[in-house]
Amino acid sequence: MPFTLKHHTFQLASAAREDGDDMIDWKEWNTDVIKQTHGDVYAYRKLYDGDHIDLFPRAQRMLKENEVYDPMKYGETLPPNVKTPYIQANISKLICEIPAMFVSRSIGKVKTSVKSTEEQNQTTGAADGMIEGPDGDLVNDKIDDLQQELIDQISKVSKLAFIHWQNIVQHQIDGGLVGVPFDDDRGLRIDFKKRDVYYPHEDEMGVDLAFHKTIGENEYLHVYRERVEVERDKSNKRNYTLKTSNMLFKLTGDRTEEVEEEEAKALLKMKELNRDYPGRSTPFVVYWANEPTYQDPYGQSCLKGQLGKQDEINWTFTKNSMVFTKNGDPKIAVSREAFRAAQEKAIKRYGEEAAGLIDHRDFNIITYDKDGKAIELIQLDITKIGSVQWIKDLMKAMLMETKTSEKAIDFYMEGGNAAQSGTAKFYDLLLSIIKAEQIQAEYVHFLQQLFENCLWLANDEDENVVIEEPEIELRAMIPISKKELSEENSTAFSDGVQSLETTVRRMNPHASEEWILEEIKRINEENEIDDNAYPEEDSGQS
């Protein structure tokens with residue numbers, strides 16, 4: 001039976017908590033809990049996506065009164081007299097994407113901080129490392145480093161290299177991001193979810209993830225729960241167990257009705273709904289909040305407080321466009337004498353029925369008024385339409401409040417794309433880089449926690465796996481020229497503050513792991529040849 005999972009179109013949750021109960025009792029499913037727990041994240045998503053007409057009442061009124069049209073939806077219903085589209089300058093989109101651009105390009109390879117032993121590696125395959133391939137040939141199946149191989153596999157199955165940018169953008173839009181380790185038929189991996197599926201327990205000992213699903217023709221609420229249970233033994237020592245469970249509720253309007261266990265297994269295609277992890281004292285689910293405060297412990301969107309300014313920018317641009325559309329074309333002003341002369345010529349040429357009409361060709365022969373004026377060309381000065389400076393001031397305010405460097409957008413500077421050194425770019429973008437560095441540090445810690453949780457799951461199946469927070473390589477946020485990159489890394493290597501491996505990796509950030517190892521091997525071999533070619537002279541006495 002096919003089913004679809006909808007993260008952004010569902011009716012949102014309203015759940016009740018029993019008195020004295022820290023867990024959520026899912027009796028209803030409506031819009032209340034999402035606003036109480038996470039705020040109106042959908043407004044910020046519309047703001048980022050550019051669905052501003054749906055957000056701003058003034059835009060809706062202009063559309064309703066046929067002052068403007070919606071460029072995305074006009075179709076065949078465009079009124080004939082409406083010539084101006086609703087114009088947007090979506091600064092909100094850039095505010096979210098600029099830190100994502102800096103941080104995502106700086107995240108490198110995930111590397112283990114421990115080295116697997118030969119004994120650990122041999123447990124993963126044949127002792128000699130040779131197995132029969134699909135064509136009957138012997139191929140090398142030996143794993144040189146079990147720990148690194150497992151981390152690489154998690155990264156690959158999670159598609160981590162392709163998801164950093166969207167993770168950070170979504171984190172900035174919503175004000176939070178959820179990471180969930182999974183181990184199923186697809187393999188051990190990390191899944192990332194939007195924040196509106198996340199409902200922590202009040203005592204901070206557990207969390208619910210709530211998903212709306214359509215299975216067949218029915219609507220369901222799937223709740224995945226993680227809950228840490230604590231028991232004390234006779235010596236008063238705490239023994240922890242993480243209990244995970246899956247609950248399925250059938251939706252009838254806003255009301256929920258829990259589905260029986262066997263039916264839930266069939267609908268969710270799961271063999272077991274519940275599982276215990278003895279010794280685990282924290283949930284696997286990790287939540288990353290953006291700029292949390294005591295008022296907003298689950299974080300806040302970076303666009304919070306920007307809706308009014310974005311509305312005013314769009315409004316001013318659109319009104320300016322309306323003025324230019326009506327008055328921007330060149331117009332001709334003529335004296336009464338010139339106009340009458342053209343009318344008389346039209347009557348002589350076309351007859352009395354042409355009274356009131358003129359032929360534009362007749363303005364080649366005109367009369368002058370007493371002041372010597374006949375025809376004057378009028379052109380509207382578009383630089384005086386509306387307040388362009390007002391728009392710039394609003395944009396600057398948005399950038400200032402969101403800690404975004406003006407140079408990162410460069411919406412009003414001329415010649416802003418001139419060649420600059422890496423140092424000059426750094427200082428021009430300093431404010432955005434400071435913000436991006438904080439996000440980078442938090443994101444790295446977020447990923448490390450998730451990898452540690454994945455390795456905990458792997459260790460639960462194979463004790464040879466070491467539970468660790470792996471290292472995550474970081475690259476430069478700002479692109480610099482190849483020459484600057486070479487000089488910077490060569491100097492660091494020559495001064496002994498950077499290893500050869502790190503130097504090769506930074507000089508070739510997009511090279512494969514195999515190429516990097518071979519390059520290091522080639523450099524070492526060439527250095528050995530050079531040392532042998534020029535042996536030191538014998539300084540001993542004969």
Kindly give the semi-axes, whole Å and largest first, of the ellipsoid equivalent to the stretch 150-245, taking each as the square root of 5 times a Cα gyration tensor eigenvalue.
28, 20, 16
Order R195, R238 by their accessible area, 1.4 angstrom probe, all chains in place, largest first.
R238, R195
Would you rank F451, F317, F192 by solvent-accessible area, highest first, keeping every protein chain in place and using a 1.4 Å probe?
F317, F192, F451
What is the set of long-range amide H partners of N464 at a cut-off below 5 Å, with H atoms built 1.01 Å from backbone N?
none
Just read off the accessible area of I154 with the full protein assembly in place, 1.4 Å probe, to the nearest 10 Å².
0
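Please state, rounded to one decimal and in Å, the Kirkwood hydrodynamic radius that the stretch 434-509 gives when every pair of distinct Cα atoms enters the mean of 1/r.
The answer is 15.0 Å.
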Using the structure shown, select from K35/K319; K64/K213; K64/K309; K243/K304; K93/K483 the pairs with a Cα to Cα distance greater than 25 angstrom.
K35/K319; K64/K213; K243/K304; K93/K483
Sort E261, E442 by accessible area with a 1.4 Å probe, largest first.
E261, E442
Grab the Cα-Cα distance for S490 and E528, subtract it from 0.36 nm times how many residues apart they are, and report the gain in nm with one decimal.
11.8 nm
With x for Gly and Pro, the residue-by-residue ³J(HN,Hα) of the stretch 448-465, computed from phi through the Karplus equation 6.51 cos²θ - 1.76 cosθ + 1.60 at θ = phi - 60° and given in whole Hz, is 4, 4, 5, 5, 4, 5, 5, 5, 5, 4, 5, 5, 5, 9, 9, 5, 6, 6
Y69's amide H: which non-local residues (gap 5+, or another chain) put their own amide H closer than 5 Å, with H modeled 1.01 Å from N in plane and none for Pro or chain starts?
T84, Y86
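The values are calculated or read from the model by the stated rules, or taken from the named source; none is laboratory data. Note that this is a predicted model, so its numbers are computed, not measured. Heads up: the accessible areas ignore ligands, DNA and RNA and are worked out on the full protein's heavy atoms, side chains in. Shrake-Rupley method; radii C 1.70, N 1.55, O 1.52, S 1.80 Å.
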